[in-house]
Every structure is written in structure tokens, then in C-alpha cells.
Amino acid sequence: MSLAENSTILSYSTVAVVSTGAYAEHFIKALLQCKSFTKVRAVTRTPSDADCDAEKRNRIVELRALGADIHEYTENTVTAFQRAFDGIEVVVSAVGVSAVMTQIEMIDGAIAAGVKWFLPSEFGVSHYTSKYLPFKGPLDHMVDVQQYLEQKAKPKGLAYTIVYT
């Protein structure tokens with residue numbers, strides 16, 4: 001099913017993708033090409049000389065030129081994510097494994113901003129059905145995020161979808 005054929009997502013007009021890395025870049029470009037959204041926002045940490053290579057800076061410039069609204073933040077705080085998600089209905093997190101726990105602040109920021117639907121960065125293994133349970137290491141945090149969504153987001157009206165690929 002193509003994005004344009006999915007009536008649920010098309011009932012929303014604003015979307016933010018957190019991260020500008022490899023996965024996120026493809027998501028943002030696809031959402032921009034869809035032309036069904038009035039706003040596609042790329043939410044990314046402010047590049048600094050210490051932690052950012054030219055490739056990331058070039059990606060940000062390219063995404064802006066394609067029409068993405070770029071929102072940069074410096075700290076992983078609820079307030080920073082609330083600002084980033086102001087006016088946004090759908091948030092897609094595409095952060096890497098090392099940043100998975102920042103999704104807790106993202107979720108709280110999304111709730112505070114009135115986001116309607118949240119898709120956490122899960123693009124990998126089905127944590128609840130794997131024969132390798134319980135996970136140890138970085139994947140533990142993905143389960144923590146899912147549990148947080150169930151306990152915190154659902155009661156506050158934030159819908160969410162876990163995507164396993």
C-alpha cells in the first residue's frame with residue numbers, strides 16, 4: 001500500500017520526522033513527494049563542528065531546498081521537543097539505537113504539543129514475539145519505550161503505531 005492510499009495518515013496534514021540520518025532522509029523525501037501534507041518538518045539536533053560531518057549539513061540543506069521545514073534543537077528535553085512539535089499532528093521518530101531513550105522526552109513533548117499520533121523508532125525486530133527474549137543491551141530500551149507509550153501516551157490520547165520491518 002502506498003502512502004497516498006493510506007486514508008488514516010491522510011486525515012492528518014502536518015508531520016515531523018525526528019532525525020536527518022539515513023532512514024529519516026528517505027522518510028522525509030517520501031513525505032514531501034506525497035504532496036498530501038501542508039507541512040513536513042525535519043527535527044534534528046543543531047549541527048556542531050564537534051559532532052557533525054559535512055554530510056549531515058548537506059542533507060539538511062538539501063531537505064530544506066526540497067521544502068522541508070527544518071527545526072533544530074540543542075537538548076533532548078520535553079520543552080525542546082514540545083517546541084519542535086508545535087503545530088504537528090504526526091511524529092515519526094527515526095533516531096538511531098544510541099538515541100532510543102530520548103524518545104521518552106519526545107513522547108512527553110508530543111503529548112504537551114498536542115500531537116495525535118507517534119511512531120517510535122522501531123524499524124527492526126518484533127520485540128514481543130522474538131525467540132531471543134528477553135533482550136539485553138540497546139534493544140532493551142526499545143521495549144522500555146513501548147511500555148512507556150502504553151502507560152503514558154495511550155491514557156493521554158496520543159495514538160501510536162509500532163512498525164517492525
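The values are calculated or read from the model by the stated rules, or taken from the named source; none is laboratory data. Bear in mind that the values here come from a model prediction, so they are computed numbers and not experimental data. Neighbour counts are summed over all protein chains in view; Cβ atoms, including those assigned to glycine, are modelled from backbone coordinates with ideal geometry. All accessible areas refer to the heavy atoms of the entire protein, side chains included, with ligands and DNA or RNA removed. Shrake-Rupley method; radii C 1.70, N 1.55, O 1.52, S 1.80 Å.
Accessible surface of Thr38, taken over heavy atoms with a 1.4 Å probe and every protein chain present, rounds to 120 Å².
Annotation: extensible slack from Leu66 through Lys152 equals 27.4 nm (criterion: 0.36 nm per residue apart, minus Cα-Cα distance).
Report the charge-dipole magnitude of region 14-108 in Debye, nearest 20, computed about the Cα centre from +1 at each Lys and Arg Cβ and -1 at each Asp and Glu Cβ.
Dipole size: approximately 380 debye.
For the pair Thr161 and Val143, label points projected 7 Å from Cα toward Cβ lie 2.6 nm apart. Using amide H atoms built in the peptide plane, which far-off residues or other-chain residues are under 5 Å from Glu89 H to H? HN-HN under 5 Å from Glu89: Thr14, Val15. Spin-label model, Arg57/Thr77: points 7 Å from Cα along the beta carbon direction are separated by 2.7 nm. Positive contributions from Lys and Arg (+1) and negative ones from Asp and Glu (-1), summed over other residues with Cβ under 9 Å from the Cβ of Ile111, come out at +1.
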